[in-house]
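Report on one structure; see the data block that follows.
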Amino acid sequence: MAEPTYHYCNWCQRTSPNAVAVRIVHANSGPGMTLYACPACRTIFRLRPLSEQAEA
């Protein structure tokens, strides 16, 4: 069985094996970044995973 991938939750500042990408931050100069949220923060802050968001 594969080990889970841990990501840093940008809202509670903890790592979680269940954190998913919820936002992409674009930058004019340099690389952008992806923001991740754990399940608890997704509920509290009403964040939806990128996979559930419509493209703009």
Query raised in the report: What is the packing order of peptides 24-31, 4-11, taking the mean over residues of other C-beta atoms within 10 Å and listing the highest first?
Result: 4-11, 24-31
Report task. Quote the relative contact order of the chain in percent (integer), defining contacts as alpha-carbon pairs under 8 Å separated by 6+ residues. Result -> 29
Query - Share of carbon and sulfur in the accessible heavy-atom surface of the chain [1.4 Å probe, %] - result: 51
Query - Segment Ser51-Arg23, length gained on full extension (0.36 nm per residue, minus Cα span) - result: 9.0 nm
Query raised in the report: When ligands, DNA and RNA are left out and all protein chains stay put, how many square angstrom of accessible area per residue does the chain have with a 1.4 Å probe?
Result: 82
Query raised in the report: Can you work out D for the chain in µm² s⁻¹ from Stokes-Einstein, where Rh is the Kirkwood radius over C-alpha pairs, the temperature is 20 °C and the viscosity is 1.002 mPa s?
Result: 177
Query raised in the report: What is the gain in length, in nm to one decimal, between Thr15 and Ile44 on full extension, counting 0.36 nm per residue of separation less the C-alpha to C-alpha distance?
Result: 8.8 nm
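The values are calculated or read from the model by the stated rules, or taken from the named source; none is laboratory data. If you're wondering where the values come from, they're calculated on a predicted model, not measured in any experiment. Cβ coordinates were reconstructed from backbone atoms using ideal geometry, including for glycine residues, and neighbour counts include every protein chain displayed. Ligands, DNA and RNA are excluded from the accessible area calculation, which covers all protein heavy atoms including side chains. Shrake-Rupley method; radii C 1.70, N 1.55, O 1.52, S 1.80 Å.
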